[in-house]
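Okay, structure first, notes after.
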Amino acid sequence: MAAVATQDRTPLGDHPIRLAQATDTTTTTPAVTPLTPNSSSATSLSGCSTQSLSCQNTCMATINGTTVIPSMTAVGVTTDPNRCAMNCAAQQQQCQRSCALEQ
């Protein structure tokens, strides 16, 4: 019985041992630096948001269908709530464009 067991075995020197962990299947990706706005640009955009919210607050409609006070934006002056909202949006876009130019 011992003779059969030795015949089924092959010497270790004939075949290299390969461990499952020995194969490297990882892929490397190049390091990517994320684009982040610089602090002055972020501050500028934050200012645009604050300005826009303040502008939108003046667009509240009264029972007469006008704003409480005339809305004054860089785009124009109006007492129409719908026009007021459009003026505020246009003003915010102008502000954001100027922030992008600062970069």
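The table below lists the values:
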read-out: Percentage relative contact order, segment 37-103, counting C-alpha pairs under 8 Å, at least six apart; value: 34 percent
read-out: Length gained when the stretch MET72-LEU101 is fully extended (0.36 nm per residue, less Cα-Cα span); value: 8.0 nm
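Throughout, read-outs are computed from the coordinates displayed, never taken from laboratory work. Please read these numbers as outputs of a predicted model, since none were measured by experiment.
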